[in-house]
Amino acid sequence: MGNQDRDALYELQEKVAQSLDDPSRLQKLTTDEINTIIEQKLFAGVWGSEKLVAARAFLVPPPNDPEHLALDAHIPNELWPQVIYSEISLVDPDVQGFGLQRQMGEWWMEQLTTTPYRYVCATVAPFNIPSLKDKFSLGMHIIALKEKYGGKMRYVFLKDFQNKVEEAFFEDIPMADIKRQQQLLKQGYVGLALLQKDSEWVVRYSHYPIS
């Protein structure tokens, strides 16, 4: 890994961002974050015709991050070294539809089971349907819905390798109803699934799901 991976990741990120109807859905990696990911060797990619066509990157967050996702997940400070972020997933628009994001995610989750990391955290913008489906498919669940990154509304996802999530009493809430979702999350519910009902995207929230 080196400059070739760094440049390829940056170029793929720019191509994906330009293809989006709403570029704000993608929280792009900064140059420093890309450098850190490469240095931490937490980047996996798919190459085709000598160019990077898909990538999935994780990041070990700095302990002094004022927006550390462990705060949103109520993870005790002494366990923060066991937290890793699912930072970004990128698939070239020319090769979308082949399940590359899902396959890379499943590969990463398998690798993480043999590392010191217990918690995987991530953020996703509401109505970023592909990314929401991806996080749920990897066994992650919503634990917060709040403004991050300078005022952008984001779901905060968590996967705890040591706890199993089970569906108990649930309520389905339209994704557009931010206030009601936030109320349920404050009451101890978590988001476990994404559904489409009558052309409307809804999130299924369950109470007492962790065993």
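The values are calculated or read from the model by the stated rules, or taken from the named source; none is laboratory data. Just so we're clear, the structure is a prediction, and the values are computed from it rather than from any experiment. Positions of Cβ are backbone-derived with ideal geometry, glycine not excepted, and every protein chain shown enters the neighbour counts. Only protein heavy atoms, including side chains, enter the accessible area calculation; ligands, DNA and RNA are left aside. Shrake-Rupley method; radii C 1.70, N 1.55, O 1.52, S 1.80 Å.
Using the structure shown, decide if Glu167 is open to solvent by 30 Å² or more (accessible area, probe 1.4 Å) and part of a loop (DSSP other than H, G, I, E, B). Yes; evaluated as a whole, the condition is true for this residue. Here Gln162, Gln182, Gln187 are screened, and the one residue that is over 17 Å from Phe58 (Cα atoms) and modelled with pLDDT of 95 or more is Gln182.
Step by step: first the residues of region 69-121, then only those that are more than 29 Å from Asp21 (Cβ to Cβ) and hydroxyl-bearing (Ser, Thr, Tyr), then the one that is most open to solvent (accessible area, probe 1.4 Å). Which residue is that? Top of the filtered list is Thr114. With respect to being open to solvent by less than 40 Å² (accessible area, probe 1.4 Å), under 29 Å from Leu195 (Cα atoms) and of a type in the set (Gly, Ala, Ser), Ala44 falls outside the description.
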